[in-house]
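The values are calculated or read from the model by the stated rules, or taken from the named source; none is laboratory data. All values reported here derive from a predicted model rather than from experimental measurement. All Cβ positions, even for glycine, are placed from backbone atoms using ideal geometry, and neighbour counts span all protein chains on display. Just so you know, the surface numbers come from the protein's heavy atoms only, side chains and all, with ligands and any DNA or RNA stripped out. Shrake-Rupley method; radii C 1.70, N 1.55, O 1.52, S 1.80 Å.
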Amino acid sequence: AMTAEIDVPYMAELVLRLYETWHRRTLAFREAHPGRIYDVRFDDLVADPAGVVHGIYSHFNLPWNAENDTALHVFSTRSAKSKHGRHSYSAADFGLSEGQIRERLPNTAEF
């Protein structure tokens, strides 16, 4: 069925439940498979995309070559952060508080 209006708080609750499930499964996988997950902080990725990608390759002992440098440069150039404008959201925009999100997704700041 289609609707002209979206129930934002309801949709936010559904998405938060989905994230809770993903979070639990990720933590379980991390515990069962030490070393298989390499954490990347979004701020680091934005500040130094090449350094982060090199870190990923290094962590997993993957080979790096000049073609990778070229592809990374082309991707970074085409994917400029402000290319499509700036997006700004807050938990309140979705009927939530940051505290509610942190309570339901504990330890996410560690990753």
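Flag set for F94, criterion: of a type in the set (A, V, I, L, M, F, W, C) and either under 17 Å from A12 (Cβ atoms) or more than 19 Å from the chain's Cα centre (by Cα) (or both).
Of all the listed residues (L72, L62), the sole one being more than 30 Å from E103 (Cα to Cα) and either touching a strand residue (DSSP E or B) at 6+ places or on another chain (Cβ under 8 Å) or not in a helix (DSSP H, G or I) (or both) is L62. If I filter the range 89-111 for residues that are under 14 Å from H23 (Cβ atoms), loosely packed, with under 10 Cβ neighbours inside 10 Å and at pLDDT 85 or above, do I get at least one hit? For the range 89-111, residues under 14 Å from H23 (Cβ atoms), loosely packed, with under 10 Cβ neighbours inside 10 Å and at pLDDT 85 or above: present. For the criterion of being more than 17 Å from the chain's Cα centre (by Cα), without any contact (Cβ under 8 Å) to a residue 24 or more places away in the chain and open to solvent by 60 Å² or more (accessible area, probe 1.4 Å), A47 fails. Filtering the range 32-44 down to residues that are part of a helix (DSSP H, G or I) and at pLDDT below 95, which residue is least open to solvent (accessible area, probe 1.4 Å)? Once the filter is applied, the top-ranked residue is D44.
Any residue in the range 8-31 that is surrounded by fewer than 10 Cβ atoms within 10 Å (Cβ to Cβ), assigned to a loop (DSSP other than H, G, I, E, B) and without any contact (Cβ under 8 Å) to a residue 40 or more places away in the chain? No, every residue in the range 8-31 fails to be surrounded by fewer than 10 Cβ atoms within 10 Å (Cβ to Cβ), assigned to a loop (DSSP other than H, G, I, E, B) and without any contact (Cβ under 8 Å) to a residue 40 or more places away in the chain. Name the single residue, out of those in the range 54-82 being in contact with a Phe, Trp or Tyr (Cβ under 9 Å, 6 or more places away or on another chain) and of a type in the set (A, V, I, L, M, F, W, C), that is least open to solvent (accessible area, probe 1.4 Å). Once the filter is applied, the top-ranked residue is I56. Pairing residues of the range 85-111 that are within 22 Å of V40 (Cβ to Cβ) with residues that are open to solvent by less than 90 Å² (accessible area, probe 1.4 Å) and modelled with pLDDT under 85, at Cβ distances under 8 Å and at least 6 apart in sequence or on separate chains, gives R102/T108; R102/A109.
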